[in-house]
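First the structure, in the form of structure tokens, and then the observations on it.
Coordinate-derived values only; no laboratory data. These numbers come from a predicted model, not from an experiment. Every residue, glycine among them, receives a Cβ derived from its backbone with ideal geometry; neighbour counts consider all protein chains shown.
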Amino acid sequence: MEQEVVRRSQKYPTNKNQKKTREIIIPEKDEKLAELIGIILGDGSIQYHKYGSSVRIVGDSIKDKEYLLNYVKPLGDTLFGVDSKVSKHRKWNELFINIYSKQVVEFLLSVGLQQGDKIKNQVTIPRWIFENDSYLKACLRGLVDTDGSIYELKPHWPGLWQICFTNRNDSLMNDFREGLLKLGIKCSKIYTYTPNKRSPEVYITKKTELSKFYKEIGFSNPKHRLKYSPVV
């Protein structure tokens, strides 16, 4: 099936008085789109502001730089046929990938995402992703690459590793755990802590389950992949 291409006039915030026409690709539902949705659910947002509409993905300007510039940006640019913009926070250690496109925003809303505060709106993984295991694996990869961490359980259990996923969105936490179990990957319950002190967390700790996660889902973020791949 050929991809649909839409031409629209779009204002860009770098020059709000000049209109530029861009060819926007409307992608089919597939693994790449599911992974981008996971990334947005983790560290992204859909915004409406005085310049128009945009999708913004944020990460650590040092630890996530390679992932954002060499994977996330090309992923979004290729999916939608856009040229996303890169910016850095003036004071904080944050790097942004920005897609300024009303059409991209409208498409993402149409496939299950929401604008505004993800925690207040309790945004969840779109159900169409749960209907296909390949889509689900890709989406969970995007979530762990952004809001997950992997580390060795030193000093008490050297040689043992753990994956932790954390997010303040309770609905998304439930979806993440449900997704792992649907794929046959055993994990902990959702641990909740004192409000405003620590976000809820889900852990994967058993070696067999870590190996299954790595082989079936894996990482696109180099900071995770390079840390864990030598020990599998």
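Here are a few things to note about the model shown:
- Given +1 at the Cβ of Lys and Arg, -1 at the Cβ of Asp and Glu and no other charges, the dipole of the chain around its Cα centre is 840 debye to the nearest 20.
- Gain upon complete extension [Arg127, Ile26; 0.36 nm per residue less C-alpha separation]: 34.4 nm
- Along the chain, the exposed loop sites are chymotrypsin sites (Phe, Trp or Tyr not before Pro) outside DSSP states H, G, I, E and B with at most 14 other Cβ atoms within 10 Å, and the longest stretch free of them is 93-192.
- Relative exposure of Lys73, Lys65, judged by other C-beta atoms within 10 Å (fewest first): Lys65, Lys73
- Think of each Lys and Arg Cβ as +1 and each Asp and Glu Cβ as -1; about the Cα centre, that makes the dipole of segment 128-231 roughly 400 debye.
- In the chain, a dipole from Cβ-located charges (positive for Lys and Arg, negative for Asp and Glu) runs towards its positive end, and of Leu113, Leu160, Asn93 it is Asn93 whose Cα lies farthest in that direction.
- Note on Ser188 and Asn70: the model spin-label points, each 7 Å out from Cα along the C-beta direction, lie 3.2 nm apart.
- Listing Lys227, Lys118 from fewest to most neighbouring C-beta atoms within 10 Å gives Lys227, Lys118.
- In this rough spin-label picture, where each label sits 7 Å from Cα along the Cβ direction, the Asp83-Lys102 distance is 2.1 nm.
- Overall form of segment 128-231: oblate. Here a/c, set by the Cα gyration tensor axes a ≥ b ≥ c, is 1.5 or more, and a/b is not larger than b/c.
- Residues Leu75, Leu41 arranged by fewest to most Cβ contacts within 10 Å: Leu75, Leu41
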